[in-house]
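A quick write-up on the structure given underneath.
The values are calculated or read from the model by the stated rules, or taken from the named source; none is laboratory data. Keep in mind that this is a model prediction, so the values were computed, not measured. Here Cβ is always computed from backbone atoms with ideal geometry, including for glycine, and neighbour counts include all displayed protein chains.
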Amino acid sequence: MSRHDRDTEPGRARMPADVDAPDKVLYGLTFRQLAILAIAALAFYGAWRALHDLLPAPVLLGAAVVMGGLVFGIAVGRRDGLSLDVWLLAAVRHSRAPRALSTTDTTSTTPDWVQAPKSKVMLPAPLKLPADAIDDSGEIRLGGTRAAMVAATNVNLALRTPDEQAALVDTFGRWLNSLSTPTQIVVSAQPVDLHSHARTLAQTADGLPHPALADAAADHARFLDQLAKRRDPLRRQVLIVTQTGTGERGENAARRRADDTVRALSGLGVTTRALDGAAVTAAIAAAADPYRQPRPGGLAGPDTVISGPVDGSRNTSLRRDRS
């Protein structure tokens, strides 16, 4: 098959590797880069008009060459996947941002019996999160909008035939074209605790009905334990966050969008499910601290009443603090 035939084969299209790359306007430079260079050129011209009668020309030319090189480096340079001007602006914002954040109110005055410190103490700034509540159905309240999460498995396109690949891409493209609100696809790798699986398997091996099954279970438990010591096993997690529109009303609008996503992606041959409140809470907690071991029994959702027996006769209820 010739190159022309491959390029014109139906069902295939060439796409750039970075679809978010800005367009080149002139001389391989983007509009942002040209704007930075144009502003710098105007500043240099104004400085020349103001200082050419006061300073020698070689001094002005030397300063212009040095400053021009710095501006050109800032305009075309990149670091950590960002242009240098954006990177420097983020560095300035980070240096001026508070180092400590708190969910409690730090603006209230201290009582009279508290001795005021002699030196100035930096108080933590209020922590403002985009989400303020998660209900039992899994909807996340984001101010005026709501969001929901869908967990999905992945599919290996390399093992499919060209016709199957084209069908899968077409199904995925139809779902993308149906989106009318911001949607986020998060693919992450999280550690797997094989030690707990090995312990559970070793404990249940003695209760198996046949000695051969018990030996196989014990051998597999030892294998899992050794694998956890030699390697850092990871699992891949795919989360799809659907969000409602600004004017979209309804108590379960985000949940309906999540259910529509589950139905639309079922044609890809992947396993999808809309997450409830506990699963959404666990997913957000894992995203904030991916290397923390999962707690036995999972995490309770916000505003969940946690009850436990006290003295065998009474129950005490503790309302979980949102912080």
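Residue check: residue 280 meets all listed conditions (1) buried (at least 19 other Cβ atoms within 10 Å of the Cβ); (2) out of contact with any Gly (no Cβ under 8 Å at 6 or more places or on another chain) but one, namely (2).
One residue stands out among those in region 193-210 that are outside any loop (DSSP other than H, G, I, E, B) and not aliphatic (A, V, I, L, M): the one that is nearest to residue 228 (Cα to Cα), which is 195. If I go through region 116-135 residue by residue, how many of them are touching a residue at least 24 places away in the same chain (Cβ under 8 Å), exposed (fewer than 12 other Cβ atoms within 10 Å of the Cβ) and under 30 Å from residue 276 (Cβ atoms)? The qualifying residues number 0.
Once region 263-294 is narrowed to residues that are in a loop (DSSP other than H, G, I, E, B) and among the charged types (D, E, K, R), the residue that is modelled with the lowest pLDDT is 292.
Among the listed residues 146, 174, identify the single one that is part of a strand (DSSP E or B), touching a residue at least 60 places away in the same chain (Cβ under 8 Å) and among the charged types (D, E, K, R). The match here is 146.
The test for being surrounded by 11 or more Cβ atoms within 10 Å (Cβ to Cβ) and in the same structural domain as residue 246 (by TED's automatic domain parsing) does not hold for residue 228. Here residue 161 passes the criteria (1) without any contact (Cβ under 8 Å) to a residue 12 or more places away in the chain; (2) surrounded by 11 or more Cβ atoms within 10 Å (Cβ to Cβ); (3) hydroxyl-bearing (Ser, Thr, Tyr) except the one numbered (2).
Here residue 179 passes the criteria (1) loosely packed, with under 15 Cβ neighbours inside 10 Å; (2) of a type in the set (A, V, I, L, M); (3) over 27 Å from residue 287 (Cα atoms) except the one numbered (3). Whenever a residue of region 254-282 is over 11 Å from residue 240 (Cβ atoms), its partners that are hydroxyl-bearing (Ser, Thr, Tyr), lying with C-beta atoms within less than 6 angstrom and at least six residues away or across chains, give the pairs 254/244; 255/137; 267/171; 268/171; 271/153. Of everything listed in (1) surrounded by 12 or more Cβ atoms within 10 Å (Cβ to Cβ); (2) assigned to a helix (DSSP H, G or I); (3) touching a helix residue (DSSP H, G or I) at 6+ places or on another chain (Cβ under 9 Å), the single unmet condition for residue 186 is (2).
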